[in-house]
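The next block holds one structure in the form of structure tokens; read it before the comments.
The values are calculated or read from the model by the stated rules, or taken from the named source; none is laboratory data. Remember, predicted model here, so these are calculated numbers, not experimental data. As a convention, Cβ positions derive from the backbone with ideal geometry for all residues, glycine included, and neighbour counts pool all protein chains shown.
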């Protein structure tokens, strides 16, 4: 009769996994960047990945991980290196030849100057705004969040519209609209502000 120990390990009975947290993602860590003689950040690896896709940072950008003391190139950082990994170039398509009497049509694709120049041409408002403050102000006074975001005329119109509609018990529509609009506008303005800082553009 064979020994039961030779049949292999007995799988453990699954326990309560509700309180077991998954391991942190490597890009959840934060880094500072050094550009145009200034230090920016800290940014998570996810944010730096977005900046890399937009052309704001590249593998030669100097970075330092939060808590460390040595600067390194982003392309040489063990975690960030995968963001800047160079893909193998795609082989060009074979040349197309046309027979005698055939017509050849050439198509030219014009590509823009790049993401950074797009920020230079971006006239949308930006600034160090707090989405929470904008929401709170609009919650307290309809339109105050818009005024905080620099949209004074819009805030005044919302306040007047809210007062008028409350006569028909519909002012809550403008109230809710002002909360959402103030929060989203402040969030977008702050994101543009951070992108311009990271790109070294004028503020």
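Picking from 197, 159, which residue would you name as being crowded, with 16+ Cβ neighbours inside 10 Å and not assigned by TED's automatic domain parsing to the domain that holds residue 135? Of the residues listed, the single one that is crowded, with 16+ Cβ neighbours inside 10 Å and not assigned by TED's automatic domain parsing to the domain that holds residue 135 is 197. The set of residues in the stretch 42-57 being touching a residue at least 60 places away in the same chain (Cβ under 8 Å) and assigned to a strand (DSSP E or B) consists of 43 alone. Can you tell me which residue is farthest from residue 34 (Cα to Cα) among those in the stretch 192-203 that are part of a helix (DSSP H, G or I) and in contact (Cβ under 8 Å) with a residue 60 or more places away in the chain? Across the stretch 192-203, the extreme among qualifying residues is 192. Checked across the stretch 163-184, the condition of being within 24 Å of residue 51 (Cβ to Cβ) and out of contact with any helix residue (DSSP H, G or I) (no Cβ under 7 Å at 6 or more places or on another chain) holds for at least one residue.
Given the structure, is residue 118 assigned to a loop (DSSP other than H, G, I, E, B) and modelled with pLDDT under 75? No.
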